[in-house]
Each structure stands twice: as structure tokens, then as C-alpha cells.
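The next block holds one structure in the form of C-alpha cells; read it before the comments.
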Amino acid sequence: MVCKNCGNPLDEGTQFCAVCGANVEEAVNMDVSDMPVKKSDPGMVFGIIAMVAGILSIICNICCCCIPYVSYVTPFIGLVLAVAGLILAIVAMKKASSAGCKSVFGIIGLIVSIVGIPLAVVSIIITLLGAATSIIAVILSAVGSSSSSGYYY
């Protein structure tokens, strides 16, 4: 006999499954060789890479906004990572659905990448505004220093 809940082989005369605690009355009379085999997720690698890319995207964008003087390239790297994570998550979920299973890592990668994209856009806007204000400040200081000849009217 095999436990209907977890598939553990049961001895004759037991009342409860030793693994999951299910009632033996719910046991199914079948061989272990007849048990259905759980399918592995063929998109798991893509899902894990998508999840890592999405997390790195969020880290890049948070560092860009919170840590001063981080490179101006960082939010663009965050955007590329988020888009790559989104694409890889979709590939992972398609591979898993074609095999008849779900890709948990693909779903997590999709969610994290979806969060990373608007965060990257906001980081890019903040970075560009910061760069623009720095350029304006340099121009104004250059104009202000060249126009003062020491004479006051």
C-alpha cells in the first residue's frame, strides 16, 4: 500500500503514515512503481537567472538613488538587467508550461523584474536630472566668474 497524501510505502496494519501522518484508510493499493513521477521544471535555470537579474536590477537602482556619486551608468545597467530578467522569466514559464508544470523561479523572476523596470526608469530620470543640475551649476559658475572683472557699478 502507498499513502495517498505523500506516496510513502506503507506496511500492512499501520493506521497512520509515518512521514506525513495521514490516515491509512485513505491509502491506495498500488505499487510504488505505479506512482506518478513528478516532472522537473525544464525552465528552472532560466527562472533562477531571471530572478537574479531582477534582484540585481533592484540593487543597482537603489544604489543609484541612495548612494551619492555612484556612476551615471548604474541605472541603465539596472534597466538592462530588469528587461533581461523579464525576458528570461517568460522563457522559463513557457518551457515549464510546455512540460506541464509551473516554474516557481520563473514567476518570482517575473515579479522581481516587473518591479525593477519602473524603478530603473525612475532612477534614470533622477540621474539625468542630477546630471542636468550639475551641468547648469557649472555653466552658471563659469558665466558668473568670467563676468566679474572686479569693477562694481
Worksheet item: Using the Karplus equation 6.51 cos²θ - 1.76 cosθ + 1.60 (θ = phi - 60°), what ³J(HN,Hα) coupling, rounded to whole Hz, does each residue of region 8-20 give in order, writing x for Gly and Pro?
Response: 5, x, 10, 7, 5, x, 7, 9, 10, 5, 6, 8, 10
Worksheet item: Among 92-102, 113-123, what's the highest-first ranking by average C-beta atoms within 10 angstrom per residue?
Response: 113-123, 92-102
Worksheet, complete the sentence: Amide H proximity to Gly43 below 5 Å, modelled H, separation 5+ or other chain, gives Ala96
Item to complete: Could you run the Karplus curve 6.51 cos²θ - 1.76 cosθ + 1.60 with θ = phi - 60° over region 104-112 and give me ³J(HN,Hα) per residue in whole Hz, x for Gly and Pro?
Response: 5, 5, x, 5, 5, x, 5, 5, 5
Discussion item. Show me, for region 92-97, the HN-Hα J-couplings you get by feeding each phi into the Karplus relation (A = 6.51, B = -1.76, C = 1.60, θ = phi - 60°), rounded to Hz, glycine and proline as x.
Written reply: 4, 5, 5, 5, 5, 5
Worksheet item: region 54-136: which chymotrypsin sites (Phe, Trp or Tyr not before Pro) are DSSP loop and have at most 16 other beta-carbon atoms within 10 angstrom?
Response: Tyr69, Tyr72
Response to the item:
Interchain or sequence-distant (5+) residues whose placed amide H lies within less than 5 Å of the amide H of Phe16 are Val24
Discussion item. Whole percent per 10 Å bin, from 0 to the bin with the longest distance: what is P(r) over all C-alpha pairs of region 83-122?
Written reply: 36, 45, 16, 3
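Laboratory data are not the source of any read-out in this text; all were calculated from the coordinates shown. Since we're looking at a predicted model, the values are computed, not measured. Using ideal geometry, Cβ is built from the backbone for each residue, glycine included, and neighbour counts are taken over all protein chains shown.
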